[in-house]
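Structure first, then comments.
The values are calculated or read from the model by the stated rules, or taken from the named source; none is laboratory data. Fair warning: this is a prediction, and the values are worked out from it, not measured in the lab. Here Cβ is always computed from backbone atoms with ideal geometry, including for glycine, and neighbour counts include all displayed protein chains. What goes into the accessible areas is simple: the full protein's heavy atoms, side chains included, and nothing from ligands, DNA or RNA. Shrake-Rupley method; radii C 1.70, N 1.55, O 1.52, S 1.80 Å.
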Amino acid sequence: SLIDLKRGKDINLSSVSFNSSGQPSYDGTDDKGVVSNFPHIWTGSLTMECVIKFEDDGRSIIFGNYDQGSDGGDVNFEKLTNGVLRFYWDRGQRNVTSSNNVVTTNGSSYHHCVFVRDIVNNCFKFYVDGILVNTVSNAGTNINEDDVGTNHGTFRIGGDTRNGDTIHNG
């Protein structure tokens, strides 16, 4: 269900529930996968993608490390209400969203969501199910490892450092 293709990172799923097919099932309250020592990839273009189903229209962190400290370096990929996707970059230096209703939130459909930070073309892009749904100019500044300290290497799948209404349900 969840594989580090390079086989170099520890992905701890001990707090995640699984459905009868063996797939992760996030309950919207406290299920999160923890990826320790996530590689520092925030100094260039990057692509993050997932196949995901949203059970409700509440806020839903897909992958993040928000609230790691006041020195910056926070990165979250998430869904807001009204089916809006969000890319939160470096303590909000860039806080970009898609338009409304780019994903369904009633638990009926899986979506292939792709978030792109393109420094060559200086923009963020959102794709849903293979369709470009939004391009936002200004890719923000790089997040250098020396600037953010050592605590920023832990990311969570289905949430960030917080519990409650930001946890993924689906």
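Tally up the residues in segment 17-46 that are more than 15 Å from GLY64 (Cα to Cα) and either at pLDDT 85 or above or open to solvent by 60 Å² or more (accessible area, probe 1.4 Å) (or both), please.
Count: 10.
I'm trying to understand the selection: among the residues of segment 135-160, which are over 18 Å from GLY58 (Cβ atoms), modelled with pLDDT under 85, outside any strand (DSSP E or B) and not charged (D, E, K, R)?
Once the filter is applied, which keeps residues that are over 18 Å from GLY58 (Cβ atoms), modelled with pLDDT under 85, outside any strand (DSSP E or B) and not charged (D, E, K, R), segment 135-160 yields ILE143, ASN144, VAL148, GLY149, THR150, ASN151, HIS152, GLY153, THR154.
For segment 52-71, give me each residue that is charged (D, E, K, R), over 14 Å from TYR88 (Cα atoms) and modelled with pLDDT under 90.
Once the filter is applied, which keeps residues that are charged (D, E, K, R), over 14 Å from TYR88 (Cα atoms) and modelled with pLDDT under 90, segment 52-71 yields only ASP71.
Among the residues of segment 71-82, count how many are in a strand (DSSP E or B) and not polar (S, T, N, Q).
4
When segment 107-118 is examined, which residues are found to be modelled with pLDDT of 95 or more and open to solvent by 40 Å² or more (accessible area, probe 1.4 Å)?
Residue satisfying the conditions is HIS112 alone.
Only one of these conditions is not met by VAL102: (1) touching a helix residue (DSSP H, G or I) at 6+ places or on another chain (Cβ under 9 Å); (2) open to solvent by 30 Å² or more (accessible area, probe 1.4 Å); (3) hydrophobic (A, V, I, L, M, F, W, C). Which number is it?
Failing condition for VAL102: (2).
Determine whether segment 113-132 contains at least one residue that is touching a helix residue (DSSP H, G or I) at 6+ places or on another chain (Cβ under 9 Å), closer than 17 Å to ASN76 by Cα and hydrophobic (A, V, I, L, M, F, W, C).
Scanning segment 113-132 turns up no residue that is touching a helix residue (DSSP H, G or I) at 6+ places or on another chain (Cβ under 9 Å), closer than 17 Å to ASN76 by Cα and hydrophobic (A, V, I, L, M, F, W, C).
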